[in-house]
Amino acid sequence: MLKELYDCAQRMGWALPLGYTEKTIQAFLCLTEDGDFVGVRMDGVHPFRCPDIGSLANGTHKSNLLVEKCSVIFPPEPSAKSRFFREGLKALAKVEPLAEVCCKALEDASCCEHMIAALEQHKVKPADRISFMVENTYLVECPTVETWWQTYRQQFQKPAKGDELSLCLITGRPTSPMATVPKNTGLRVVGGHSSGDALICFDKPAFCSYGLKKSANAPVSEEAFAQVRVALDNLLEDAPVLAGMKFVHWYDKPLPKQEPDILLPIFGSLKPEEEDEEDEEERSDETEEEATVMQQARRDADMLVRSVRSGQAVTDLPDRYYILLLSGVSGRVMVRQFAQGPYEDLKKNLDQWYADLQLRNPGGTGNLKPAKLAARLIRLLKCQNSDKQVFKRLKDELPGLTAPILHAILHGTGLPDPVAVRSLRFIRSQMLTKEPDRYGSLVPDPIACQWLKVWLIRNHKEEDLMPEYNPKHPSPAYHIGAMVAVYAALQQKAYPDVNVTVVQRFFASAQQTPALVLGRLAKMSTHYLAKLESKQLVQEYESHLAKVSARIGDTIPTVLALPEQSLFALGYYQMYAAMHEERLQQYGNNAVSANQNKGE
C-alpha cells in the first residue's frame, strides 16, 4: 500500500521538496520594501508550499517557520515557539532581503501593534495561519527559501549510526527510520482528529514486535514518506464518504480527460436530497448521467477484450486499480480495507454487478436505473419514515458490513448473509408502516429487492431469477409472494378506501409461515371478487389467482427459511410490477381502439 501511494505521488507530480507541505494561509501581512505595514490580505483558499518542521519538532518547543499560527507570531507572552520562529526568520534574512524586512517589522513595537489591530479587524483567529508579503511577493515563494530550508533543517536531524540504519519499506534503500511520521489531514469527517491522523504509529507495546522499538517495526525514510503523505492527502481531499469511511481510489495511470471514472457512479457520496428518493421512475438527470458513464465503461471493457484477442494494447486505459477505505480513530488512520487488481477485472466485475441488479421498476415501464451504494446501504438500516440522521446511522451501524460488500462488488463474490436479513427487515417494516403509493398499493422497496436478488444469485445460484416476473420459477415461495401481491391488488380494487390493507396485516406472517395465512387470504378473496362490479375484472383476477395457484403446487410450505423469504419478497415485487405493466398495456390498447373508433 505504501509503495503504491509513493508511486502515485511520483506519477501525478504531487511530490514536494523534503521538509515541505501544502498549507492554506488565512492572512498575509503586507509590507513595503522599507518595512512599512500597509494592510492585511485575506486568502485561506489557495494552498501554498511551505517549510514544515514536522517530526523534527517532537518533544521540543519548535514551531514552523515563515507560516505559523497568529498566536505564535504574536503571542500574548513571549514563548519558546515564538522565539524559535523569529530566530529562523533572522537566519533566512542573511540570504533573503525580503525576510530582513519582515524581521525589522517584528522588532518594531509600533508596527506590531498596527499589524495586530489589523488582524483583529479582519477577524483573524489566534489559531489561523498567517505569513508575510513584501511588495506583492509572498515570502514562502521566494526562490532562496527552499535552498535555505534544506540546509537549515539539517541541524535538527539526529545523525544516524551504522547500526541504526534499516531498509526503508517503501524504497528498499538503507535509511535512518523516522521516529514518528507527519500526520495526514482529511479524515475529520470520518472520526479523524482536527490536527491530523498518523498513518504509522507504534506508541503502544501491543503494536511492537520482536523486541523492536517504535519506528523500527516499520522503518520508512523521511523522503519516501513525504511523498506517501502528500499522495494520501491529495486523494483524501475529494474522496467520497461511504458509511463513515473515506473511499479513496486511484489508478496506476491517470485517466484521460474524456474517460469517466467508473467507480464514482457506484461509490460516490450520496447527496442529502437523494436519501429519500424512493420513486425510481422519477430519478434526476444525474442518474441518467451515471447510466451514460456505465455505457461508456462497457464500451471500454469491450475495447479491452478486443485488445486481448488482437494482441494490440489499449494504451490510454489504466492497468490496475487501488482502493482504500479509511477512517480516523484516536489520532490514527484506520485502514478498513485495501483492494487492488487488474483494471480489466474491475470493469468485468462492475458489469456483473449491474447485470445482477437488473430489476423491473414498480410501474413496469422498464428496469430500475442505477443508484449509488450509499443509497443502497440505507436500505440495510432499520426503516424509519423520517430519519434526519441517516448518514450518522450509516457511520455507526454499517462499517463492519460495508467492507465485505465492497469486496463482493469489486471481485464478483457473494454478499454477506446480513445483507439479506437487513433487507428483509427493512421491507417488512416498510410494508407495515408506509403509506400506500399513488395507486393505493404497497410495494416492497425496489432497492431492498435488488439486494435480495443479488444475494440469491451469488450465494444460492438462483439462475431462474430474471428482471421481471418468471412464471416458470421452480420455487413455491416465489409464487406464494406473487399470490399475496394478487390478493393485495384485488383488495385495493374492491375496497380502495380500506383503513388497513391485506399487506399491512399479513405480509410479514405470510412471508415466514405461509401455510397459516394463505388459506385465510383465499377465503377473504371470495368477498373481494363479489364486491367487484366489472365481470372483466372478476375474470382477470380469477385468472391470475388460478395461474399462480397452479405454479405453487399442491403443498404450501409451513415455514420459510431466509432464502425462501427472499424469494417471497421478490415474487411479490415482480408480480406487482407485472400487473402494472399489464394494466399499462391494456390502457394503451384501449386508447388505440378508441382512437380508431373515433376515426371511423
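The values are calculated or read from the model by the stated rules, or taken from the named source; none is laboratory data. Note that this is a predicted model, so its numbers are computed, not measured. Cβ coordinates were reconstructed from backbone atoms using ideal geometry, including for glycine residues, and neighbour counts include every protein chain displayed. For the accessible areas, the whole protein counts, side chains as well, though only heavy atoms, and no ligand, DNA or RNA atoms are used. Shrake-Rupley method; radii C 1.70, N 1.55, O 1.52, S 1.80 Å.
For this structure, a couple of remarks:
- Annotation: S82 carries an accessible surface of approximately 10 Å², with a 1.4 Å probe and no ligand, DNA or RNA atoms counted.
- Cα→Cβ-extended label distance, 7 Å offset, between T24 and S71, nm: 2.0 nm
- Acute angle (nearest 10 degrees) that the helix 446-460 long axis makes with the longest principal axis of the chain, alpha-carbon atoms: 90 degrees
- Burial order of peptide ranges 88-96, 176-184 (average beta-carbon count within 10 Å, highest first): 176-184, 88-96
- Cβ crowding within 10 Å averaged over residues, with 503-510, 251-258, 577-584 ranked highest first: 503-510, 577-584, 251-258
- Ratio of the Cα radius of gyration of the chain to 2.2 N^0.38 Å, where N counts its residues: 1.30
- Take 408-417, 19-28, 240-249 and order them by the average number of nearby Cβ atoms within 10 Å per residue, most first; the result is 240-249, 19-28, 408-417.
- What separates the Cα centres of region 95-153 and region 518-576 is a distance of 80 Å.
- From the alpha carbon centroid of region 183-198 to that of region 7-23 is 19 Å.
- Tensor-based shape of region 312-388 (alpha-carbon gyration tensor, a/c under 1.5 rounded, otherwise prolate or oblate): oblate
- When region 18-172 is reduced to its Cα atoms, the Kirkwood hydrodynamic radius in Å: 16.5 Å
- Estimated distance in nm for a label pair at D319 and M466, the labels positioned 7 Å out from Cα along Cα-to-Cβ: 4.4 nm
- For the chain, the share of accessible area belonging to carbon and sulfur comes to 50 percent (1.4 Å probe, ligands and nucleic acids excluded).
- Modelled spin labels at C112 and D351, positioned 7 Å past Cα toward Cβ, are 7.0 nm from each other.
- Accessible solvent surface per residue of the chain, calculated while the other protein chains remain in place, 1.4 angstrom probe, Å²: 49 Å²
- The stretch between K123 and A546, if pulled fully straight at 0.36 nm per residue, gains 144.6 nm over its current Cα-Cα span.
- Using a Förster distance of 35 Å, the FRET efficiency for S429-E237 (Cβ separation, nearest 0.05): 0.40
- Semi-axes of the equivalent ellipsoid for region 54-132, computed as √(5λ) from the eigenvalues of its C-alpha gyration tensor and ordered from largest down, come to 20, 17, 11 Å.
- The C-alpha atoms of the chain define a longest principal axis, and helix 476-494 lies at about 80 degrees to it.
- Nearby lysines by direct alpha-carbon distance to K531 (threshold 17 angstrom, same-chain neighbours under 8 apart not counted): K493, K523
- Helix 222-237 and the longest principal axis of the Cα set of the chain meet at an angle near 40°.
- Ligands, DNA and RNA excluded, the heavy atoms of Y469 present near 30 Å² of accessible surface to a 1.4 Å solvent probe.
- Taking amide H atoms as placed 1.01 Å from N in the peptide plane, the amide H of G328 lies under 5 Å from those of V190, G191, G192, M334, each 5 or more residues away in sequence or on another chain.
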